[in-house]
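Asks: I am attaching a structure below and will ask some questions about it afterwards.
The values are calculated or read from the model by the stated rules, or taken from the named source; none is laboratory data. Note that the coordinates shown come from a computational prediction; the quantities given were computed from them, not determined experimentally. Here Cβ is always computed from backbone atoms with ideal geometry, including for glycine, and neighbour counts include all displayed protein chains. When the accessible area is computed, the model is the full protein with side chains, heavy atoms only, and any ligands, DNA or RNA have been set aside. Shrake-Rupley method; radii C 1.70, N 1.55, O 1.52, S 1.80 Å.
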Amino acid sequence: MANEPTLSAVYRIPGYRLDANGRSTWTYYEIPLIGTGPRSAMSNKQEAMTWGLAFNQNSPRPYYTNEMHKTNQMGMVWCMSGNLETTIQNGEMRRRCVGEGNFVHGDCLHHSTMNSTVPTTTLSLNLTQKVTPTYAFK
């Protein structure tokens, strides 16, 4: 069919990385995809350590956006309910809603707040025990 969609060969997930001055900045990471059917694709099996669910009430005001921290692990975080806002060193904030996620670079300073009308649930997947600067998806 002429209007049949073309499957993407990669999934681009937002995340943060260190810039040339060692500060956190937003970027995108690409996860290669393999076609599994005429309208579906998935990645190769990825190595991971642990996963967990977090249930959070709204963050108190003020949101303490100056409190920055590192995770010291590489991972991914998905918003399962509510909203998750992440601010990085330059002050730029990105908000994720249900079904959206981001890649977490363990050496990047960031601050997350739960700013939603309902409690926020997140799913976290820890990929490595320590930071791997050249981490690449398979």
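Asks: Looking only at the stretch 27-53, how many residues end up being outside any loop (DSSP other than H, G, I, E, B), touching a strand residue (DSSP E or B) at 6+ places or on another chain (Cβ under 9 Å) and open to solvent by less than 100 Å² (accessible area, probe 1.4 Å)?
Replies: First pass over the stretch 27-53, keeping only residues outside any loop (DSSP other than H, G, I, E, B): 27-32, 34-37, 40-42, 50-53.
Those still in the list that are touching a strand residue (DSSP E or B) at 6+ places or on another chain (Cβ under 9 Å) too: 27-32, 34-36, 41-42, 50-53.
Within this subset, residues satisfying the condition of being open to solvent by less than 100 Å² (accessible area, probe 1.4 Å) are 27, 29, 31-32, 34-36, 41, 50, 52-53.
Final tally of qualifying residues: 11.
Asks: Separate question: Please go through the stretch 29-61 and pick out each residue that is over 19 Å from the mean Cα position of the chain (by Cα) and more than 17 Å from THR122 (Cα to Cα).
Replies: Hits for the stretch 29-61 are ILE34, GLY35, THR36, GLY37, PRO38, ARG39, SER40, ALA41, PRO60, ARG61.
Asks: Which one of these is part of a strand (DSSP E or B), under 23 Å from ASN72 (Cβ atoms) and open to solvent by less than 60 Å² (accessible area, probe 1.4 Å): PHE103, PHE137?
Replies: Details: PHE137 fails: part of a strand (DSSP E or B).
The conditions single out PHE103.
Asks: Does the stretch 58-70 contain at least one residue that is touching an Asp or Glu at 6+ places or on another chain (Cβ under 9 Å) and at pLDDT 90 or above?
Replies: Looking for residues that are touching an Asp or Glu at 6+ places or on another chain (Cβ under 9 Å) and at pLDDT 90 or above, one finds at least one in the stretch 58-70, hence yes.
Asks: Could you list all residues from the stretch 8-26 that are outside any strand (DSSP E or B) and open to solvent by 80 Å² or more (accessible area, probe 1.4 Å)? Reasoning before the result, please.
Replies: Taking the stretch 8-26 and keeping what is outside any strand (DSSP E or B), we get 8-9, 19-23.
Matches in the stretch 8-26: ALA20, ASN21, ARG23.
Asks: Taking the stretch 110-131 on its own, how many of its residues are surrounded by fewer than 16 Cβ atoms within 10 Å (Cβ to Cβ) and either part of a loop (DSSP other than H, G, I, E, B) or among the small types (Gly, Ala, Ser) (or both)? Reasoning before the result, please.
Replies: Kept after step one, since they are surrounded by fewer than 16 Cβ atoms within 10 Å (Cβ to Cβ), are these residues of the stretch 110-131: 117-119, 123, 128-130.
Restricting the remaining residues to those that are either part of a loop (DSSP other than H, G, I, E, B) or among the small types (Gly, Ala, Ser) (or both) gives 117-119, 128-130.
Count: 6.
Asks: For the stretch 79-100, what are the residues that are surrounded by fewer than 18 Cβ atoms within 10 Å (Cβ to Cβ) and either at pLDDT 90 or above or in contact with a strand residue (DSSP E or B) (Cβ under 7 Å, 6 or more places away or on another chain) (or both)?
Replies: Filtering the stretch 79-100 down to residues surrounded by fewer than 18 Cβ atoms within 10 Å (Cβ to Cβ) leaves 80-81, 90-95, 97-100.
If the condition is that a residue be surrounded by fewer than 18 Cβ atoms within 10 Å (Cβ to Cβ) and either at pLDDT 90 or above or in contact with a strand residue (DSSP E or B) (Cβ under 7 Å, 6 or more places away or on another chain) (or both), then MET80, SER81, ASN90, GLU92, MET93, ARG94, ARG95, CYS97, VAL98, GLY99, GLU100 are the ones that fit.
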